[in-house]
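> This is the structure I have questions about; it appears just below.
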Amino acid sequence: MQRRDVALLSIGSLVLLLTLAVFFAVFGRQAANPPLAEMGGQFQLVDTEGSVVTQDDLVGKPTLLFFGFTYCPDVCPTTLFNLTRLIQQLGNQADQFNYLFVSLDWERDGPEQLARYISVFDERIRGLSGNEAQINAIADAYRVQYERVPMEQGDYTISHTAATYLLDREGSVVGTLAYGFDLDETQASLEQLLPSS
Amino acid sequence: MLMLRSALLSTLLLMSSALYAHHDGTHHELSDGEAPAIEVTQPWIRATPPGAGAGGGFITLTNHGNADDTLIGATTSITDRVELHTMEMDGDVMRMAPLPGGIEIPAGESVTLAPGGLHLMFMELASPIVEGQPIPITLEFQYAESIEAELQVVPVGASPEGEGAHAGHHEEHHEEHGHMAH
Ligand SMILES: [Cu+2]
């Protein structure tokens, strides 16, 4: 092979590699995070007072929606604490949003357990639970991944999506906040969801 | 017996520095040249909400010896159930996994159990973990003698002094310091 061919071949390979890299960066990411438009839908759960809560109850206010469980060692209490700080930071705007914590642990978490658990966080965060079918329905709707991880003595913990979902006033998913979300950035995104005055 | 052990230790130290040092973390006076193989720094845990089933404990372990060791378990008076776990973010999914093989602490290295990664998983908590009430633990190693420590309890979502960031900012994104033994 001539030197020029080798050079061309190298450039060609490089271009191919870059194309592949971009392809996987874009599409590999989309596989992990499905489009927002595919998320959301009808659900029926129960709050800590025993009242039924559905998708329709959210309409009118933007919503922050987080999925977890009360047996969670760190990510769930940390996120609920972060939400509490966000609510404090929002001040008198805070009442213009819904805040929901949905337990994925349909076997262990019911209204009473959730009521106790969320009592240390801001009272505006509502704890929702449901039976297996109801939890699977909302998890499917919001593309929440959750999976039981067996531990010793037949016990289990749960791996789960740790993002907080942002819903607009119509209840459509408009974004997600990564675990450990920044309060100032989040406040700015939330203000965009309020009716312009 | 103690003298015999000291003599043996000195010999080992002379030959190849500490292979297995004696350290119980309490009141043992170290003789000249003797160093604890495993050093424990900043043990802490977050307070748990009422009814929380579990809590994650954090600690830094430094292996000053010249042989690898493994944290194989821990015990505490507050529950019979403590496991070694790791968690990691896989995209937006928090994945947790038990580490039945323990957590390796390579010779000369530090391993930090921290939020978002390796942790001591306290389960079946009979009552919440409360700020200001430290949790006594005994750490068990494959080679080193057990070490007693007390986990300082910080508020829900907080980090101890000197850890820097507050909850929800950057401390959850620490690099994985741990080495997992499977
Ligand atoms: Cu765990």
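The values are calculated or read from the model by the stated rules, or taken from the named source; none is laboratory data. Since this is a predicted model, take the numbers as computed values, not measurements. Every residue, glycine as well, gets a Cβ built from its backbone with ideal geometry; the counts of neighbours run over all protein chains shown.
> Looking at (1) at pLDDT below 95; (2) within 16 Å of the ligand (Cβ to nearest atom), can you tell me which one residue A:26 breaks?
Here residue A:26 meets the rest and fails (2).
> Just name the residue that is surrounded by the fewest Cβ atoms within 10 Å (Cβ to Cβ) out of those in segment B:39-58 that are part of a strand (DSSP E or B) and away from the ligand (no atom under 14 Å from the Cβ).
B:41
> Name the single residue that is surrounded by the fewest Cβ atoms within 10 Å (Cβ to Cβ) among those in segment B:144-163 being within 14 Å of another protein chain (Cβ to nearest Cβ) and hydrophobic (A, V, I, L, M, F, W, C).
Within segment B:144-163, the match that is surrounded by the fewest Cβ atoms within 10 Å (Cβ to Cβ) is B:158.
> Here is a further query. Could you check segment B:79-109 and list, in sequence order, the residues that are within 14 Å of chain A (Cβ to nearest Cβ), surrounded by fewer than 15 Cβ atoms within 10 Å (Cβ to Cβ) and either near the ligand (Cβ under 10 Å from one of its atoms) or among the aliphatic types (A, V, I, L, M) (or both)?
Result: no residue meets the conditions.
> Can you find a residue in segment A:82-104 that is within 21 Å of residue A:140 (Cβ to Cβ), within 11 Å of chain B (Cβ to nearest Cβ), assigned to a loop (DSSP other than H, G, I, E, B) and in contact (Cβ under 8 Å) with a residue 12 or more places away in the chain?
No, there is no match, as no residue in segment A:82-104 is within 21 Å of residue A:140 (Cβ to Cβ), within 11 Å of chain B (Cβ to nearest Cβ), assigned to a loop (DSSP other than H, G, I, E, B) and in contact (Cβ under 8 Å) with a residue 12 or more places away in the chain.
> Then there is this: Taking the conditions exactly as written (polar (S, T, N, Q) and out of contact with any Phe, Trp or Tyr (no Cβ under 8 Å at 6 or more places or on another chain)), does residue A:93 satisfy them or not?
In short, yes.
> It is to be established whether one or more residues within segment B:136-143 are among the charged types (D, E, K, R), more than 8 Å from every other protein chain (Cβ to nearest Cβ) and more than 15 Å from the ligand (Cβ to nearest atom).
Within segment B:136-143 (the criterion being among the charged types (D, E, K, R), more than 8 Å from every other protein chain (Cβ to nearest Cβ) and more than 15 Å from the ligand (Cβ to nearest atom)), the answer is yes, since at least one residue qualifies.
> Residue A:43: within 16 Å of the ligand (Cβ to nearest atom) and among the hydrophobic types (A, V, I, L, M, F, W, C), yes or no?
no
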